[in-house]
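This report refers to the structure that appears directly beneath it.
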Amino acid sequence: MSVVVAKRYAKSFFDLAKEKNNLETTYKEINSFLKIFKSEITVLNFLNNPVLSYEKKRQVFEKMFGSKCTEFIKSILFFIIKNKRTNILIQIFEEFNSLFHKEKNIVKVELTTANNISDDLRDVIISKVGKEKKILLDEKVNKSLMGGVLLQIEDKQYDSTVRNRLNKIKSSFKI
């Protein structure tokens, strides 16, 4: 249920930002707040606190972030706070990002390797993945993969890691 509500809010905010010709700025600000909300859980806990009034939350938010964001993003956040939807705030913003990526023909790719990769290999992977699309690459290092590449492209996963191959061999020996 909350996923459906988050999608509706995100779609409304996305359409409004697009109508106001404010899409890129809103996208940047939303991502700034996403980083804050994910790294500083106390901020989100404060906004979710049912004991505090809307006015108190608004005042504290203005003091903390008022000068750091546009009136448009403030109005979005205050609308979410007033309607007691802060429990799905991160979902709303992530869904907004998905809509933005779709609109701008951007593909989010998560690349996980056992070690840091060279720029040449990174360029090859990007060129193979995104022929007509822009790539938003998120690189991660996970030593437990032992080698190879794990690619997550939107909802598809390509696993050519040594760990995966070893697990397949191991499972083939089980009777």
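The values are calculated or read from the model by the stated rules, or taken from the named source; none is laboratory data. The structure displayed is predicted, hence computed values, not measured ones. In this analysis, Cβ positions are derived from the backbone assuming ideal geometry, glycine residues included, and neighbour counts consider all displayed protein chains. Ligands, DNA and RNA are stripped out before the accessible areas are found, and what is left, the full protein with its side chains, is counted by its heavy atoms. Shrake-Rupley method; radii C 1.70, N 1.55, O 1.52, S 1.80 Å.
One line per residue, one yes/no per condition, for (1) closer than 24 Å to residue 17 by Cα; (2) β-branched (Val, Ile, Thr):
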site: 50; (1), (2): no, no
site: 53; (1), (2): no, no
site: 69; (1), (2): yes, no
site: 72; (1), (2): yes, no
site: 76; (1), (2): yes, yes
site: 81; (1), (2): yes, yes
site: 89; (1), (2): yes, no
- [ ] Can you work out which of the residues in segment 49-74 that are closer than 19 Å to residue 32 by Cα and of a type in the set (Gly, Ala, Ser) is surrounded by the fewest Cβ atoms within 10 Å (Cβ to Cβ)?
- [x] 67
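What do you reckon, is residue 4 of a type outside the set (Ser, Thr, Tyr), in a loop (DSSP other than H, G, I, E, B) and without any contact (Cβ under 8 Å) to a residue 12 or more places away in the chain?
Against the criterion (of a type outside the set (Ser, Thr, Tyr), in a loop (DSSP other than H, G, I, E, B) and without any contact (Cβ under 8 Å) to a residue 12 or more places away in the chain), residue 4 does not qualify.
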Task: Options 89, 77, 111, 136: the member that is of a type in the set (A, V, I, L, M, F, W, C), open to solvent by 40 Å² or more (accessible area, probe 1.4 Å) and not in a loop (DSSP other than H, G, I, E, B) - done: 136
- [ ] Keeping to segment 140-163, report how many residues are touching a residue at least 12 places away in the same chain (Cβ under 8 Å), among the acidic types (Asp, Glu) and surrounded by 13 or more Cβ atoms within 10 Å (Cβ to Cβ).
- [x] 0
- [ ] Hey, can you tell me all the residues within segment 8-23 that are on the phi < 0 side of the Ramachandran plot and polar (S, T, N, Q)?
- [x] 12, 22
Open item on the list: Looking at (1) loosely packed, with under 12 Cβ neighbours inside 10 Å; (2) not in a helix (DSSP H, G or I); (3) not acidic (Asp, Glu), which one does residue 171 not meet, given that it meets all the others?
Closed with: (2)
Task: In segment 92-108, the residues that are among the β-branched types (Val, Ile, Thr), closer than 14 Å to residue 130 by Cα and part of a helix (DSSP H, G or I) - done: none
- [ ] Determine if segment 13-32 includes at least one residue that is closer than 18 Å to residue 85 by Cα, open to solvent by 50 Å² or more (accessible area, probe 1.4 Å) and assigned to a helix (DSSP H, G or I).
- [x] no
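Condition test on residue 166, is it open to solvent by 50 Å² or more (accessible area, probe 1.4 Å), under 21 Å from residue 100 (Cβ atoms), out of contact with any Gly (no Cβ under 7 Å at 6 or more places or on another chain) and among the aliphatic types (A, V, I, L, M)?
Criteria not met by residue 166.
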Task: Any hit, segment 7-29, residues being at pLDDT below 90 and either more than 13 Å from the chain's Cα centre (by Cα) or of a type in the set (Val, Ile, Thr) (or both) - done: no
Task: Counted residues, segment 94-149 - those being more than 24 Å from residue 30 (Cβ to Cβ) and among the β-branched types (Val, Ile, Thr) - done: 9
